1. Could you tally the net charge around residue 147, taking each other residue with its Cβ under 14 Å from the Cβ of residue 147, Lys/Arg +1 and Asp/Glu -1?
2. Residues with beta-carbon under 14 Å from that of residue 162, excluding residue 162: net charge, scoring Lys, Arg +1 and Asp, Glu -1?
3. For the chain, what is the calculated [θ] at 222 nm in deg cm²/dmol (nearest 500), taking -39500 (n - 2.57) for each run of four or more DSSP H residues and dividing by its residue count?
4. Quick one: what are the phi-derived ³J(HN,Hα) couplings along the stretch 29-43, Karplus 6.51/-1.76/1.60 with θ = phi - 60°, whole Hz, x for glycine and proline?
5. Ranked from highest to lowest mean number of other Cβ atoms within 10 Å per residue, what is the order of the peptides 47-59, 22-34?
6. So if each residue of separation counts as 0.36 nm, and I subtract the Cα-Cα distance between residue 7 and residue 33, what length gain in nm does that give?
Amino acid sequence: MTQFRFAPGARLSARLIGADHEPLLHAEAAFANPDELVELAATAIFSPAFGPAGGYPGLRAALPNEYIQAVVNVLTRPLAEAFALGPIRPISAQGAFSIVTLPENALAAPQRAPHVDSVNPMQFAILHYLCDSSFGGTAFYRHRATGFEKLNESRLPGYNAIRSAEGAPTGYVGDGSPWFEQIGQVSAAMNRLVAYRSCVLHSGQIPSPELLTENPRHGRLTANVFVTFAPA
């Protein structure tokens, strides 16, 4: 059985993005065995994660529970410290191998604009790149009309009302104009790991859609974990 271990020399760093000074955690060469993860993905059963209304613009497959547990175990304390959460405990965690595959002309409107994964400030996205920099990365945004860089339950109705009148450009999200502005970005790199609040407006960066493929060994493969915490 594959042992999912962080590399002995891996170090988590934090930087702040946007006017909200939201922390973004990242680590280079994070796992000791990233190639084994790629090979696991190559034998996994992927299925579409999108529909007519949007969703993830590609395919997803189950991540091993042992990998999810390893990520949560290592990240819980650094997340608590970086986000000044105090003592916390994970109450739910789920994850998937993800590979972007949709051509630009097949994207639904929500896939052509920045989004949030949740409005719960205690849910975090942990993104592990298993591809190289040619596949872009992830960027973070401010909504120009509202000034919002993250969403919560009280902000959501007004934000959705304004967004419904704005629309979305053609193709994958770039700098976010005209309705958004980019406030931070992290490039893809093999075995790079990043973590951020799920309620922060963000989008994958796909600078070369012609490189997209369903082959996990050669495509924009990531391992994505979503973990929700509660006070300990």
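1. +1
2. +3
3. Result for the chain, helices only: -5000 deg cm²/dmol.
4. Per residue, the Karplus-derived 3J(HN,Hα) values read 6, 5, 9, 6, 9, x, 5, 5, 5, 4, 5, 4, 5, 5, 9 Hz.
5. Descending packing order for the listed peptides: 22-34, 47-59.
6. 8.6 nm
Since every read-out is calculated from the coordinates, none of them should be taken as a lab result. All values derive from a computational prediction rather than experimental measurement. Counting neighbours? That spans all protein chains shown, and the Cβs are built from the backbone with ideal geometry, glycine included.
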